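Novice: Dropping a structure here in structure tokens format, bear with me for questions.
The values are calculated or read from the model by the stated rules, or taken from the named source; none is laboratory data. Computed from a prediction, not measured in an experiment: that's the story for all the values here. Methodologically, a virtual Cβ is constructed for each residue, glycine included, from the backbone with ideal geometry; neighbour enumeration extends over all protein chains shown. We work out accessible area using only protein heavy atoms, side chains counted, and drop any ligands, DNA or RNA first. Shrake-Rupley method; radii C 1.70, N 1.55, O 1.52, S 1.80 Å.
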Amino acid sequence: MDMGIAGRTALVCAASKGLGRGCAEALAAEGVNLVILARTAETLEATAAEIRQQSGVDVKTVACDITTPEGRAAALAACPQPDILVNNAGGPPPGDFRQYTHDDWIRALEGNMLTPIELIRATIDPMIARGFGRIVNITSSAVKAPIDVLGLSNGARSGLTGFVAGAARKVARDGVTINNLLPGLFDTDRIATTVSAQAKANNISFEEARKQRMESIPAGRFGNRDEFGRACAFLCSVHAGFITGQNWLLDGGAYPGTF
Ligand code: NAD
């Protein structure tokens, strides 16, 4: 299917690895020019070079921490008027909610709620003026069902979800959609870290812990960044103009509810 977005420009945050990279690659495969960012210049440049080679699109890079005002300023200077914005950043650390300090909460809110809101605020009016815009926020299955050790994520991402539910309806008439993609368990560095911690805590091998996590998913496996990216590219396509304010769970059936 032709997604109808060739020649558009996307700003894809936290895209040197994992799910953000999957989104960048899938958009590039549709002919979308990219500005991608991540904190580590070397990894970012290597990813950009691979995407250019795979797709032939224009890929600019910005090495920055998107959760800081300076990082956002640098990203927006490189890409002031994207047609497509993919919001993403690292997730907050696990822990016991009693141990989280006020500063921990502020960091989580900055990273997983206020940064995407700031980027939406900065880019949405030109999208409205052009009559086309696609905003996709990478959140988490934690907004659908809380994850025991991720209280910071459960809270901060739910704040973003509530904001998006309202904002999406305010711009729906202007050709701009805002949706959230909710990953369950995907095979990325983030999951490798969580599985290592689980293996250590239960005194089992990394492979055994990985197998146990996979067995908890009806699909019997982790997701991969390519299928995540393809879902993102569809939401950004001309065919998804009637889909807005939605929370798409990509979890291999792990969420047990009927709805
Ligand atoms: P990852 O560790 O594989 O990749 C993270 C990417 O983000 C890297 O490119 C890194 O450089 C970049 N990054 C991190 N913090 C950044 C910052 N402050 N500024 C700029 N770039 C930054 O992680 P992932 O698995 O792709 O996860 C992406 C998001 O999805 C995270 O918020 C994660 O918590 C969430 N998530 C992931 C899963 C999963 O199964 N992988 C599940 C639920 C939620």
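Novice: Using a Förster radius of 30 Å, what is the FRET efficiency between ALA219 and ALA6 based on their Cβ-Cβ separation? Nearest 0.05, please.
Specialist: After rounding to 0.05, the efficiency reads 0.45.
Novice: Right, something else. How much of the accessible area of the stretch 94-182, in percent, comes from carbon and sulfur atoms when a 1.4 Å probe is used?
Specialist: Accessible surface attributable to carbon and sulfur in the stretch 94-182 totals 56 percent.
Novice: I'm a student and want to see the number: the projected area of the Cα convex hull of the stretch 106-178, averaged over all directions, in nm².
Specialist: If I average the Cα hull's projected area over directions, I get 4.7 nm².
Novice: Mind telling me which of ARG121, ARG130, ARG98 comes out most flexible in a GNM of the chain, alpha-carbon contacts under 10 Å?
Specialist: Comparing ARG121, ARG130, ARG98 in the GNM, the peak value goes to ARG98.
Novice: From the phi of every residue in the stretch 100-111, what ³J(HN,Hα) in whole Hz does the Karplus formula 6.51 cos²θ - 1.76 cosθ + 1.60 yield, where θ is phi - 60° and glycine or proline is x?
Specialist: 5, 8, 4, 5, 4, 5, 4, 4, 5, 5, 4, x
Novice: Pop out the ³J(HN,Hα) list for the stretch 230-244 in order, Karplus 6.51 cos²θ - 1.76 cosθ + 1.60 with θ = phi - 60°, rounded to Hz; leave Gly and Pro as x.
Specialist: 5, 5, 4, 4, 5, 4, 8, 7, 5, 7, 9, x, 9, 10, 8
Novice: Can you return the lysines within cross-link range of LYS17? Criterion is Cα-Cα under 19 Å, with same-chain partners fewer than 8 residues away left out.
Specialist: List returned: LYS60.
Novice: Along each principal axis of its Cα atoms, how long is the stretch 102-223 end to end? Whole angstroms, biggest number first, please.
Specialist: Taking max minus min along each principal axis of the Cα atoms, the stretch 102-223 gives 56, 36, 21 Å.
Novice: What do you get for Rg/Rh of the chain when both radii come from the Cα atoms and Rh is the Kirkwood radius?
Specialist: Result for the chain is an Rg/Rh of 0.96.
Novice: Now, a different point. Return the equivalent ellipsoid semi-axes of the stretch 81-140 as a descending list in whole Å, where each equals the square root of 5 times an eigenvalue of the C-alpha gyration tensor.
Specialist: Rounded to whole Å, the semi-axes are 30, 11, 6.
Novice: Return the ratio Rg/(2.2 N^0.38 Å) for the stretch 1-131, where Rg is computed over Cα atoms only.
Specialist: Dividing the Cα Rg of the stretch 1-131 by 2.2 N^0.38 Å gives 1.10.
Novice: For the stretch 163-259, just the Cα atoms, rotate onto the principal axes and tell me the three extents in Å, largest first.
Specialist: For the stretch 163-259, the Cα spread along each principal axis is 54, 24, 23 Å.
Novice: Using modelled backbone amide H atoms (1.01 Å from N, in-plane), which distant-in-sequence or interchain residues come within less than 5 Å of GLY223's amide H?
Specialist: It is LEU185, PHE186, ASP187, by chain and number.
Novice: Which value in Å is the Kirkwood Rh of the stretch 39-111 over different Cα pairs?
Specialist: Answer for the stretch 39-111: a Kirkwood hydrodynamic radius of 14.6 Å.
Novice: Name the residue, out of VAL195, VAL136, VAL59, whose mean-square fluctuation peaks in a Gaussian network model built on the chain with Cα pairs under 10 Å.
Specialist: In the Gaussian network model the winner is VAL195.
Novice: Counting only C-alpha contacts under 8 Å and six or more residues apart, can you give the relative contact order of the stretch 76-211 as a whole percent?
Specialist: Worked out over the stretch 76-211, it gives 27 percent.
Novice: A further question on this structure: Where is the GNM fluctuation largest for the chain (alpha-carbon springs, 10 angstrom cutoff): GLN212, GLN246, GLN81?
Specialist: GLN212
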